[in-house]
Amino acid sequence: MIRAVVFDVGECLVDETREYGAWADWLGVPRHTFHAMFGAVIAQGRDYREVFQVFQPGFDLYEEREKRAAAGQPESFGEEDLYADVRPTLRHLRGSGLWLGIAGNQTVRAGRILRKLFLDDVDLIGTSDDWGASKPDLEFFKRVTDAVPFDGAEILYVGDRCDNDIRPARDVGMHTALVHRGPWATVQWNSVEARELPTFRVESLMELPKAIGKFNGSVR
């Protein structure tokens, strides 16, 4: 049975449109140009961080984040950036008695924002900076299983990427759900992995309560 649900952050809970627009502004690049190159890099299966190198060779994401913060323009997201289905889904799942968590490739600063937004809604908030391991490294997902009070086979990890979320979570024994939104899911949705690896494929997080209920009913 699925007893715990753990969510990725970017393009799963948080719409990152505003933040990537802020990066384009920081680089002095027209937003549509930045977004077009971002999509091209993802479609080619490359690391999204290579986008920054196109516009600024030698770009160091960590250093630039600190420069933005020092300039009063830190990475930021808030309630207005959450996808509309996030709050009702968390309420439904919590009401069903499921243990809930949030775990993603995020900075310490982003972790603080997540705790302010979701402190009363979930049982776990973990970030790659907290754990010293980042997706798709299996160590990240082992940290998730260590933090959740259930076996890996009782955890559902929800994300928008086959490469970073679905495949490695599955490799450590978790169930998975691929949500169809954001650039990665849009590019990967019709791939063999996207069709065959996830336990669930959903257009909205609001499909999860029913899918989990049906799944759990079938294994009782």
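For the chain, the longest principal axis of the alpha carbon atoms and the long axis of helix 208-218 meet at an angle near 30°. With the biggest extent put first, the Cα atoms of segment 1-98 measure 49, 34, 22 Å across the principal axes.
Classification of segment 68-177 by its C-alpha gyration tensor yields an oblate form. The axis ratio a/c (a ≥ b ≥ c) is 1.5 or more, and b/c is at least a/b. Which angle between 0 and 90 degrees, to the nearest 10, do you get for helix 138-147 versus the longest principal axis of the chain when only C-alpha atoms count? Tilt relative to the chain: about 50 degrees.
By definition, a body whose alpha carbon gyration tensor gives a ≥ b ≥ c is rounded when a/c is under 1.5, and segment 117-220 falls into this rounded group. The label-point distance for Ala69 and Asp120, in a model that sets each label 7 Å from Cα toward Cβ, rounds to 2.8 nm. For segment 69-128, just say rounded, prolate or oblate: build the C-alpha gyration tensor, square-root its eigenvalues into a ≥ b ≥ c, call rounded for a/c under 1.5, and beyond that prolate if a/b exceeds b/c, oblate if not. Note, shape of segment 69-128 comes out prolate.
Summing +1 for each Lys or Arg and -1 for each Asp or Glu among the other residues whose beta-carbon sits under 12 angstrom from that of Tyr62 gives -1. If Rh is defined by the Kirkwood formula over all Cα pairs and Rg also comes from Cα, what ratio Rg/Rh do you get for the chain? Rg divided by Rh gives 0.96.
How far is helix 108-118 tilted off the main Cα axis of the chain, in degrees rounded to 10, range 0 to 90? Its long axis makes an angle of about 50 degrees. Roughly how much of Met37 is accessible, in Å² to the nearest 10, using a 1.4 Å probe? Surface accessible to solvent at Met37 totals approximately 60 Å². In summary, the lysines within cross-link reach of Lys135, defined as a Cα separation below 26 angstrom excluding same-chain residues under 8 places away, comprise Lys67, Lys116. Taking the Cα centre of segment 132-220 as origin and assigning +1 to Lys and Arg Cβ atoms and -1 to Asp and Glu Cβ atoms, the resulting dipole is close to 260 debye. Net charge near Ile102: determine it from the other residues with C-beta under 11 Å of the C-beta of Ile102, scoring Lys and Arg +1 and Asp and Glu -1. Taking every Cβ under 11 Å from that of Ile102, the sum is -2.
For segment 6-115, applying the loop criterion from DSSP together with a ceiling of 15 other beta carbons within 10 Å to the trypsin sites (Lys or Arg not before Pro) yields Arg46, Arg49. Using the Cβ-Cβ distance between Glu196 and Lys142 with R0 = 30 Å, the FRET efficiency computed as 1/(1 + (r/R0)^6) comes to roughly 0.80. Taking only protein heavy atoms and a 1.4 Å probe, the accessible area of the chain is 49% carbon and sulfur.
In this structure the chain gives 47 Å² per residue of accessible area when probed at 1.4 Å with all protein chains present. Across the chain, Cα pairs under 8 Å and at least six residues apart give a relative contact order of 25 percent.
The values are calculated or read from the model by the stated rules, or taken from the named source; none is laboratory data. This structure is a prediction, so every number in the text was calculated from the model and none was measured. Neighbour counts run over all protein chains shown; Cβ positions are idealised from the backbone, glycine included. When the accessible area is computed, the model is the full protein with side chains, heavy atoms only, and any ligands, DNA or RNA have been set aside. Shrake-Rupley method; radii C 1.70, N 1.55, O 1.52, S 1.80 Å.
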